[in-house]
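**Q** First the structure, then my questions, so here it is.
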Amino acid sequence: MNAELLYTGSVKKVWTVPGRPDLVRFEFTDRISVFDKWIPNEVPRKGEVLCGVASFWFQRLVSLGVRSHFVEQTGPREMLVKRIEVEHDYAKITRDRRRVLVPLEFIQRHYVAGSLYDRMKAGTLPGVRHDLWAYGQKLVEPWFEMSTKVERTDRLLALDEALAISKLDGSELGWIEDACKRIDLLIDAQVEPRGLLHVDGKKEFGRDEDGALMVVDVFGTPDEDRWWDAAAYARGEIVQFSKEFVRQHYRDTGYKDALYAARAEGRAEPDIPPMPAALVERTADLYVSLYERITGEKL
């Protein structure tokens, strides 16, 4: 019996596992995307980095007592995970449904960067003194927020809507927020001695066969999380060690503004241009370097 391709995303492919209907196989590719747009380039060894870093973190969740869907890494670009369903119809997600994705992304930020900085600068965060914040400033407490996961493009959610579409209750959401904090403390303990700052990141959760919450997809990678060089930060500089390096290129060229304007006005989205060859090479080097700094091992 041959494996069946279930899904092709911007980064990975998901395959069935013959004889194991409870599992799927993740195949990580060298593709890259930003702003929910698939860039027409491949970044050499990116798939190996994502798979290796994700496996590294999943294996360390055991020490926290946090469940995950991870089973084992089976190759440089492949891992086996528990199978869950991705339900796009919110009405079909119920509290007693098993093996299903919680249709939210959980974002935890530790520094003022990315879209949080954009919103602070624009003055669109009620109750926040925007003049008190600067790009790169460390937050006193983690900034926790939620966005959609199964819609065409991500959008941030207020608490009431997040609970309504996910069918989580308040105590479960509290457990998820606490789990994200504990995971990020684990990450800090691993990377700070190697000169990295963990700036922010997103995590996803699902329900297992017993209905218990578990971490799914991947986390702590150059795609899901933002990383800065600690020595440069101490000198007052921001040196990116994540996909943010690529996002910044498309900000600088004006593509991000054109894309978001088209989305806001309901116009056709402009095609994303390919990355210049020099940027592809620098990005590949960055991904490999981040793998080695996180894991302490050579790729």
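**Q** Any residue in region 195-211 that is under 22 Å from residue 82 (Cβ atoms), over 17 Å from the mean Cα position of the chain (by Cα) and assigned to a helix (DSSP H, G or I)?
**A** Within region 195-211 (the criterion being under 22 Å from residue 82 (Cβ atoms), over 17 Å from the mean Cα position of the chain (by Cα) and assigned to a helix (DSSP H, G or I)), the answer is no, since none of the residues qualifies.
**Q** Being under 20 Å from the mean Cα position of the chain (by Cα), closer than 23 Å to residue 293 by Cα and not β-branched (Val, Ile, Thr) narrows it down to one of 152, 182, so name that one.
**A** 182
**Q** So, residue 172, is that one over 26 Å from residue 283 (Cα atoms), in contact (Cβ under 8 Å) with a residue 24 or more places away in the chain, more than 18 Å from the chain's Cα centre (by Cα) and assigned to a helix (DSSP H, G or I) or not?
**A** Against the criterion (over 26 Å from residue 283 (Cα atoms), in contact (Cβ under 8 Å) with a residue 24 or more places away in the chain, more than 18 Å from the chain's Cα centre (by Cα) and assigned to a helix (DSSP H, G or I)), residue 172 qualifies.
**Q** Would you check which residues across region 249-299 are farther than 22 Å from residue 220 by Cα and either small (Gly, Ala, Ser) or touching a Cys at 6+ places or on another chain (Cβ under 7 Å) (or both) and list them?
**A** Result: 254, 258, 261, 262, 264, 266, 268, 277, 278.
**Q** Scan region 197-213 for residues that are crowded, with 22+ Cβ neighbours inside 10 Å and not charged (D, E, K, R) and jot them down.
**A** 197, 198, 199, 201, 205, 206
**Q** Given the structure, is residue 185 surrounded by fewer than 17 Cβ atoms within 10 Å (Cβ to Cβ), of a type in the set (A, V, I, L, M) and over 22 Å from residue 60 (Cα atoms)?
**A** no
**Q** Shifting gears a bit: Keeping to region 154-177, report how many residues are surrounded by fewer than 17 Cβ atoms within 10 Å (Cβ to Cβ), farther than 21 Å from residue 61 by Cβ and not acidic (Asp, Glu).
**A** Total meeting the criteria: 6.
**Q** Can you name every residue in region 218-245 that is of a type in the set (Asp, Glu) and without any contact (Cβ under 8 Å) to a residue 60 or more places away in the chain?
**A** Once the filter is applied, which keeps residues that are of a type in the set (Asp, Glu) and without any contact (Cβ under 8 Å) to a residue 60 or more places away in the chain, region 218-245 yields 224, 225, 229, 237.
**Q** From 200, 229, 223, which residue is at pLDDT below 95 and of a type in the set (Asp, Glu)?
**A** 223
**Q** To continue, here is another question. Since residue 159 meets every condition but one in (1) more than 26 Å from residue 68 (Cβ to Cβ); (2) free of Cβ contacts under 8 Å to residues at least 40 places away in the same chain, which condition does it not meet?
**A** The number of the failed condition is (1).
**Q** Taking region 146-169 as the search range and keeping residues that are touching a strand residue (DSSP E or B) at 6+ places or on another chain (Cβ under 8 Å) and among the basic types (Lys, Arg), which one is farthest from residue 105 (Cα to Cα)?
**A** So, considering only residues that are touching a strand residue (DSSP E or B) at 6+ places or on another chain (Cβ under 8 Å) and among the basic types (Lys, Arg), the one farthest from residue 105 (Cα to Cα) is 155.
**Q** Is it true that some residue in region 64-79 is small (Gly, Ala, Ser), under 22 Å from residue 188 (Cβ atoms), surrounded by fewer than 19 Cβ atoms within 10 Å (Cβ to Cβ) and touching a residue at least 60 places away in the same chain (Cβ under 8 Å)?
**A** no
**Q** Another one. Could you figure out which of (1) under 26 Å from residue 210 (Cα atoms); (2) surrounded by 15 or more Cβ atoms within 10 Å (Cβ to Cβ) isn't true of residue 41?
**A** (1)
**Q** Further question: Would you mind finding the one in 23, 50 that is of a type outside the set (Gly, Ala, Ser) and within 14 Å of the chain's Cα centre (by Cα)?
**A** Only one candidate passes the filter, namely 50.
**Q** Suppose we filter region 122-153 for residues that are over 19 Å from residue 180 (Cα atoms) and either among the aliphatic types (A, V, I, L, M) or surrounded by 14 or more Cβ atoms within 10 Å (Cβ to Cβ) (or both); how many remain?
**A** Total meeting the criteria: 9.
**Q** Further question: Report yes if residue 13 is charged (D, E, K, R) and buried (at least 17 other Cβ atoms within 10 Å of the Cβ), otherwise no.
**A** Spelling it out, residue 13 is indeed charged (D, E, K, R) and buried (at least 17 other Cβ atoms within 10 Å of the Cβ).
**Q** If you don't mind, another one. Restricting attention to region 16-25, does a residue exist that is surrounded by fewer than 22 Cβ atoms within 10 Å (Cβ to Cβ) and under 25 Å from residue 285 (Cα atoms)?
**A** Looking through region 16-25, none of the residues is surrounded by fewer than 22 Cβ atoms within 10 Å (Cβ to Cβ) and under 25 Å from residue 285 (Cα atoms).
The values are calculated or read from the model by the stated rules, or taken from the named source; none is laboratory data. Here the structure is a predicted model, which means the values were calculated and not measured. In this analysis, Cβ positions are derived from the backbone assuming ideal geometry, glycine residues included, and neighbour counts consider all displayed protein chains.
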